[in-house]
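Scroll down for the structure; my scribbles are underneath it.
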Amino acid sequence: MKSDMNWESVLKHHPDAMFIISRSGACKTLNNGHRSLSEYAGVPLHEIKGKEGVENLLPLSINEDVLEVLSRGAIKKYEYDLELNESVMHLEARLIPCDEDEVLVIVRDYMEEYAGIKKIMRESDLNSTILLASPTLFVAIDAQGKIISMNESMLTLLGYERHEVEGRDYLENLVPKSDWEKLNAVFRTLVEKNEPTINENRILAKDGREFLVEWHGRPIFKDNGEFDYFFGIGMEISDRRRAEETLQQNRDMLNGTLNSTADGILVVDEDGNVITSNRQFSDMWRIPRNVVAKGSDEELLRYVIDGLENPGQFLARVEELYRTREESNEEIHLRDGRVFERYTCPLASRGKIIGRVWNFRDITGRKLVEEEIKGKNRELENLNRQLIASRNELETANILLRKSERRLTNFLDNLPGLAFRCANDIQWSMEYVSNGCYVLTGYNPEDLIGNRLLSYNDLIHPNDRKYVRDNVQAAIDEERQYEIQYRIIRKDGAIRWVFEKGGKVSDINEDVYLEGFINDITEIVYKDEQLRQVQKMETIGTLAGGLAHDFNNVLGGIIGSLSLLEHTFDEGAKNKEKIFSYLHTARNSADRAADMVKRLLAISRKHTLEFVRMDINNSMENVLKICKNSFSKSIKLEFFIPDLPSITMADPTLIEQVILNLCVNASHAMTVMREPYEKEGGTLCVCREKVTADKAFSMYHPEATDGTKYWMIEISDTGVGIDGETRQKIFEPFFSTKKKELGTGLGLSMVYSIIKEHNGFVDVYSELGKGATFRIYLPIIDMDALIKDEKYVPDEFSRGRGIILVIDDEEVIRNITRYMLEEAGYEVITASNGEGGIEEYNKNSSKIRAVILDLSMPGMSGKEVYSRLRTINPHVKAILTSGFRQDDRVKETLDMGINGFLQKPFDLESLVVKLREILEERG
């Protein structure tokens, strides 16, 4: 109502004619300023208000202009002439949108001002006293933009003396730079169209203030048609603009207030014309907006009357309220079941009733709620009785909760080890410690709580304190739990190994605490050490067959050489050169035997973990030697040992054991673990690379430390592979997929444990039937160059005069066997592998009387070679040799029909006797 009062005051006292025109073209409100227009046009006042079409006072296009302004939401202004009885009023119309259905039209009479201008311009003196004294702003500007003159009103407004402005550039001195482009465009339009124009722009006072001026400008041309100067009549409209903005703001606030309420509001004047309404009103009564826009209370009543339960009573009450000053608050019931609360009061201004306000509120929900409340009250009474019963149950539950808390405390106190809560400080200050503390540490819980007697940090072994702190802080930073093993010193001085698992918790103050459990794992650590020893023995047992074979090969070289020496000594000194050759072979074989014994002792030696600066390359070389001597010759060994050293801090014996364990597993995967129908053998590849744990690497290897450089030792095979389910269990102790006699399930468990103790980690990649790849990661220490000894490779030589074919991958055995056969009078052809032997036999099968065939060779085994030889000559005579008689393949080859078996090592006599036996056989 206050906004309406302000609006009414503005309308009443504004000197210009002001109209409120609805979307339909009806004049809803007008002020006193219209009187001069109506008197001039001869239009009675009662024919203006509420009537559609005010074309006698406003432009003919007013209806279209109203719709345009409403659709654009922008102000529109233009000049027009009101003609009547050969007289003309020169007027300006300004249309301003008020809301979505109404437009404010302001009409100003410029006739007198233009008449004065014309009169003045007819006079030669631009500095006419009348013009200069006029309160309206006046300025004349020449074609070059210089100020010709301005009147006193404008000089006073701007604070200039006349001599300070005349002759000066108008734009540069009086107009803000941001308006230059706009004003130049106005000047160009004036000259081009030779028509008066209206525009608004800011002008600058001498003290820097800005004024908004509405200019009515016209170009003046000389008699010859040449442009002479501009002149403009202006009105400082800053106050008017603020008033218009205030008016618009008040109307916006009023409309915003009306539309923000959930109630429907209708304001009607004393004649039954709608002054305003909000959207909720039309929505509640389901009245189309175009009906509301007509502005007639009668139209609204006709639209809603059929929806009322008692329309006659409703209309009678409305007529009664219009006649009185009564305020009313009543309920209205609609046929669709809705209920409205109607509040109405008279609208007064200066003590005079000018209309009535109707406020409608949908209380359908409230009425339903009131009915529900009655039922709810009854329910509440029942609930109250239930609440009393629940309270009694809650008291019982609290008693049970306290008992449960006591049981939890007893449970924690009886757990092995101790449960704790401590601060994340340098002392690990304890806030809670379970009673298991005494058994674990020898101290009572109260000795540690609050560091009363000592802190928990004091219990940690001095050498382990940094390790504990670094691992716990890393887990806190990474928002994860931690698991660590370290030593503590009990009250009695005993050192115990403990396992701690815990994590970060925060209280309401965001202080960081740790909670977790600490258990004594001393016995487990000792058993783990024992398991390592068991694994060493398992490795020795696994390698026993292969070592026996290769060791017997070595002994064969020694024994064969010595037997040849015995025979040669009988022939006298003429064979001195042969004697030295045999001695050299025997010496080399003895050295190899000693080397194998040393490595066997290194593997089986029991010792504590000793970290020293070591070269991983040396371990790879040692393992390669063992593999060459121990593994089935059907396995192709590819060891890529780099020239540059691979230095780390580790226990050399354990690292060598790890690599060997993985190589043994790979060997089994390519031989004994294959199905009977599958071909044995494959490729074992061992290599070393350097990697850096960047963010991407750490994402897939959470055990890695960001930025750390690692040696990566890769052991891959082409064996049977590992399926996904098995991969999840392979590092568990005693888990094995091998036959019972081939493994105890401790190998990979030891590998994992050893590498973890070296601050490394192990990855496995495998698919069933496609082999497996194990990668060991050990931290890099440095890359100092190491000097490697050159290896002596004995020369291979053969004399090749005989009819006995010797197939053996061991050069020493080939040479010794050849020497023996040559001493026995045979000519000898040798082959270092199965393929070569088959090729030699195929070329010389008619000359070769017998074949001496090794069982374990790379590529094709002796069993496979014998099978191929029989396809060439079904009656081939052959002797199978091996250093390991218990190999299942020996029996299988004998069952195939091979003529005999000779156990390595053998001497000259044994060889000659066995050869004579098979050559003398018939068949």
Whole-angstrom gap from segment 334-383 to segment 191-248, using each part's C-alpha centre
56 Å
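Report the net charge of residues surrounding residue 191, where surrounding means a beta-carbon distance below 12 angstrom and charges are Lys +1, Arg +1, Asp -1, Glu -1. Intermediate results must be reported in sequence, preceding the final value.
Values: positive: 188, 193, 218; negative: 192, 195, 226, 228.
Around residue 191, the charge tally is -1.
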For a quick check: with amide H placed at 1.01 Å from N, whose amide H comes under 5 Å from residue 151's, ignoring anything fewer than 5 positions away on the same chain?
138
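Can you tell me how much longer the chain between residue 323 and residue 221 gets when fully stretched, taken as 0.36 nm per residue apart minus their C-alpha distance, in nm with one decimal? Kindly include the intermediate steps, with their values, before the conclusion.
On the way: separation 102, 0.36 × 102 = 36.72 nm, distance 6.58 nm.
Gain on extension, residue 323 to residue 221, equals 30.1 nm.
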Which Cα, out of 388, 420, 445, lies furthest along the positive dipole direction of segment 357-492 (beta carbon charges, K/R +1, D/E -1)?
388
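With r as the distance between the Cβ atoms of residue 246 and residue 191 and R0 = 41 Å, compute the FRET efficiency 1/(1 + (r/R0)^6) and round to 0.05.
For residue 191 and residue 246, the calculated efficiency is 0.65.
So if we plug the beta-carbon distance of residue 166 and residue 60 into 1/(1 + (r/R0)^6) with R0 = 51 Å, what FRET efficiency do we get, rounded to 0.05?
Numbers: r = 43 Å, r/R0 = 0.85.
For R0 = 51 Å, the calculated efficiency reads 0.75.
So what's the net charge close to residue 308: Lys and Arg +1, Asp and Glu -1, counting the other residues with Cβ under 14 Å from its Cβ?
On the way: positive: 286, 302, 317, 335, 338, 342; negative: 306, 309, 330, 331, 336.
So the environment of residue 308 carries a net charge of +1.
Among 76/177; 709/770; 527/636, which pairs are too far apart, with a Cα-Cα distance over 28 Å? Could the numbers behind the result be given before it?
Details: 76/177 25 Å; 709/770 30 Å; 527/636 37 Å.
Among 76/177; 709/770; 527/636, the Cα-Cα distance tops 28 Å for 709/770; 527/636.
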For the pair residue 909 and residue 446, the simple spin-label estimate (label points 7 Å beyond Cα toward Cβ) gives in nm 8.9 nm
What's the extension gain from residue 316 to residue 200 if we count 0.36 nm per residue and subtract their Cα-Cα distance?
36.3 nm
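For residue 501 and residue 392, calculate 0.36 nm times their separation in residues minus their Cα-Cα distance, and state this gained length in nm to one decimal. If you can, show how the numbers build up before the last one.
Values: separation 109, 0.36 × 109 = 39.24 nm, distance 4.14 nm.
Contour length minus Cα-Cα distance gives 35.1 nm.
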Magnitude of the Cβ-charge dipole (Lys and Arg +1, Asp and Glu -1) of segment 608-779 about the Cα centre, nearest 20 debye, reported as 320 debye
Return one whole number: the accessible area per residue of segment 803-920 in Å², for a 1.4 Å probe.
39 Å²
Rounded to the nearest Å, the spacing of the alpha-carbon centers of segment 283-299 and segment 417-475 is 81 Å
I'd like the distance separating the alpha-carbon centroids of segment 486-522 and segment 839-866, in whole Å.
67 Å
Simple SL model, points at 7 angstrom along Cα→Cβ for residue 675 and residue 523; separation in nm is 4.5 nm
Could you tally the net charge around residue 451, taking each other residue with its Cβ under 13 Å from the Cβ of residue 451, Lys/Arg +1 and Asp/Glu -1?
-4
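The values are calculated or read from the model by the stated rules, or taken from the named source; none is laboratory data. From a predicted model like this one, the values you see are computed outputs, not experimental measurements. Every residue, glycine as well, gets a Cβ built from its backbone with ideal geometry; the counts of neighbours run over all protein chains shown. SASA here: full protein model, heavy atoms, side chains in, ligands and nucleic acids out. Shrake-Rupley method; radii C 1.70, N 1.55, O 1.52, S 1.80 Å.
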